[in-house]
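Heads up: the structure comes next, in structure tokens.
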Amino acid sequence: MSSDDATRRAGAILTVDVGAIAANWRGLRDAGRAAGRPVDCAAVLKADAYGCGATVVGPRLAAEGCRQFFVAHLEEGIALRKAMPEHPIYVLNGLLANTEADFVEHDLTPVLNHLGQLNSWRAAAQRFNRPLDAIIHIDTGMHRLGFGPEEAQVLINERGRLRGLRLALLMSHLVASEEPNNAINGEQLSRFRNFVRAMPGSPTSLANSSGIFLGPDYHFDLLRPGAALYGINPLPGRDNPMLPVVTLEARILQTRRIDAFQTVGYGGAWRSARPSRVATIALGYADGYFRILINRTHVHLAGHRVPVIGRISMDLVTIDVTEVPEALSETGAVVEVLGPHMTADDLADHARTNAYEVMTALGRRYARVYIDTPPEGEGESETEPETAS
Ligand SMILES: *Cc1c(COP(=O)(O)O)cnc(C)c1O
């Protein structure tokens, strides 16, 4: 199916600008290099590249010069490996029991989160009779994954436990990097520094997107941005330094006039105060448009801000187009759900969540169009359009 077919048939179209993702990656890499040290910049592609499509984004960033990639799940790594035969792919969730051979077969590197995983991976290196790459994740305060302080001390005291493995990276993860004044940042930094001083000779990594903006002390050897690549604001409450990446448009399926004091949608949760025109658009909570958005957000149509009214249905959303000229709000007209007037951060505010959840919930039913806008707005070109139903 060509992308023309997909967009003709689709009720809603998600456009992803991979050129903007590449430009965001370059910007973050350059921020890492600003202090004059040779800091490298990876890309986090978990959750299908935050909804943008990992097997499209990964190769595009590799072409841009990105050399290291993170996913969360083993299966994500296996899928990405097919699209990217060459580059190191790191699996953050670590080594599950009896998956060592899968990691070896697909040339994936586990992020080892405790001594048990380290022992299993070392045993695998012996069994396969070759050195295997490994990443050690140190818990410096998240208390989620990673070697705790006692296990970390065991590693420091007994370096032989790493025999047969090549340490590709020592890493830790920040708890509140988007809050520059939170004291936990400095505490984690000093815990991580102490650990890497005791384990010299391996590359090191601490900063996610927001962590990069905490300054060069946090950069170490490798940056690990996810969110900022996809246009999510790494500096909440301040101007977003990243380029926007996604646009989501939905078609109007039907428009109707209703009298005053009529309800719209399930449960009659919205009632017209005046004679109104209601349009129904082709997306719903099954596509990641959260039910909590009832009577709480808007879309844009032909320069008008159009309120979302009534309950969000599984496949449908109703909007009040009374103020929009009829000719511009007929069946087939396209409304902007996400885009220049409504970023994922904005919609997240309305939904009482964060833009990470908005992005990773982006529906599988949208027709996906990939564009590759060159820097400095030299126009855009459609690259190998990829579609998902
Ligand atoms: C998700 C994740 C990242 C990326 O975080 P962003 O805030 O999206 O930049 C980096 N490191 C680890 C361990 C992660 O889980």
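The values are calculated or read from the model by the stated rules, or taken from the named source; none is laboratory data. Treat the numbers as computed from the prediction; the structure is a model and nothing was measured. Quick reminder, even Gly has a Cβ in these numbers, built from the backbone with ideal geometry, and neighbours come from all protein chains shown. These area figures cover heavy atoms from the full protein model, side chains too; ligands, DNA and RNA do not enter into them. Shrake-Rupley method; radii C 1.70, N 1.55, O 1.52, S 1.80 Å.
How large is log10 I(q)/I(0) at q = 0.12, 0.14, 0.18, 0.21 Å⁻¹ when the Debye formula is applied to the Cα atoms of the stretch 165-271, each weighted equally and without solvent?
After summing over all Cα pairs, the log10 values are -0.58, -0.67, -0.90, -1.09.
Which percent, to the nearest 5, of DSSP beta bridges fully inside the stretch 108-237 are antiparallel?
Once the DSSP bridges in the stretch 108-237 are tallied, antiparallel ones form about 0 percent.
Would you calculate a helix-derived [θ] at 222 nm for the chain, using -39,500 (n - 2.57) for each DSSP H run of n ≥ 4 and dividing by the full residue count, to the nearest 500?
Rounded to the nearest 500, it is -8000 deg cm²/dmol.
How long is the stretch 1-139 along each principal axis, judged by its Cα atoms, biggest number first, in Å?
Computed over the stretch 1-139, the largest-to-smallest principal extents equal 53, 43, 26 Å.
Give me the percent of accessible area attributable to carbon and sulfur for the stretch 239-389, probe 1.4 angstrom. Can you show the working numbers first?
Numbers: 3780 of 7750 Å².
With neighbouring chains kept in place, the figure for the stretch 239-389 is 49 percent.
Mind giving me the FRET efficiency for Val334 and Ala273? R0 is 35 Å, r the Cβ-Cβ distance, nearest 0.05 is fine.
Efficiency, from the Cβ-Cβ distance: 0.80.
Determine the share of the stretch 35-230's accessible area contributed by carbon and sulfur atoms, expressed in whole percent, with a 1.4 angstrom probe.
Its accessible area is 49 percent carbon and sulfur atoms.
Along its principal axes, what span do the Cα atoms of the stretch 246-387 show, with the longest given first and each in whole Å?
So the three principal-axis extents are 50, 33, 24 Å.
Roughly what angle does helix 54-64 make with the longest principal axis of the chain, taking Cα atoms, 0 to 90 degrees, to the nearest 10?
So the helix axis and the longest Cα principal axis differ by about 60 degrees.
Taking loop as defined by DSSP and a crowding limit of 15 other beta carbons within 10 Å, which trypsin sites (Lys or Arg not before Pro) in the stretch 55-108 fit?
Within the stretch 55-108, the qualifying trypsin sites (Lys or Arg not before Pro) (loop, at most 15 other Cβ atoms within 10 Å) are Arg67.
Could you state the angle between the C-alpha long axis of helix 74-83 and the longest principal axis of the C-alpha atoms of the chain, as a value from 0 to 90 degrees rounded to the nearest 10?
Around 80 degrees separate the two axes.
Using 0.36 nm per residue, how much length does the chain from Asp315 to Asn182 gain when fully extended, once their Cα-Cα distance is taken away?
The span from Asp315 to Asn182 would gain 43.8 nm if fully extended.
Could you give the spread of the C-alpha atoms of the stretch 35-230 along their three principal axes, from largest to smallest, in whole angstroms?
47, 43, 30
In degrees between 0 and 90, to the nearest 10, how far off the longest principal axis of the chain does helix 115-127 point, with axes built from Cα atoms?
It is inclined by approximately 70 degrees.
Between Asn98 and Leu167, what length comes free when the chain is fully extended (0.36 nm per residue of separation minus the Cα-Cα distance, one decimal in nm)? Please report the intermediate quantities before stating the final value.
Numbers: separation 69, 0.36 × 69 = 24.84 nm, distance 2.14 nm.
Here the segment from Asn98 to Leu167 would lengthen by 22.7 nm.
Rolling a 1.4 Å sphere over the protein heavy atoms, what is the accessible area per residue of the chain, to the nearest Å²?
45 Å²
What does DSSP give for the chain in terms of the percent of beta bridges that are antiparallel, rounded to the nearest 5?
On the way: 30 of 55 bridges.
In the chain, DSSP labels about 55 percent of beta bridges as antiparallel.
If you average 1/r across every pair of different Cα atoms in the chain and take the reciprocal, what Kirkwood value do you get, in Å?
On the way: mean 1/r = 0.0439 Å⁻¹.
After inverting the mean inverse Cα-Cα distance, the result is 22.8 Å.
Just to be sure I understand: with springs between alpha-carbon atoms less than 10 Å apart, which residue in Asp40, Asp239, Asp315 has the highest mean-square fluctuation in the Gaussian network model of the chain?
Looking only at Asp40, Asp239, Asp315, the largest GNM fluctuation is found for Asp239.
Write out the chymotrypsin sites (Phe, Trp or Tyr not before Pro) in the stretch 225-297 meeting two conditions: DSSP loop, and at most 13 other Cβ atoms within 10 Å of their Cβ.
Loop-located and lightly packed - Phe261.
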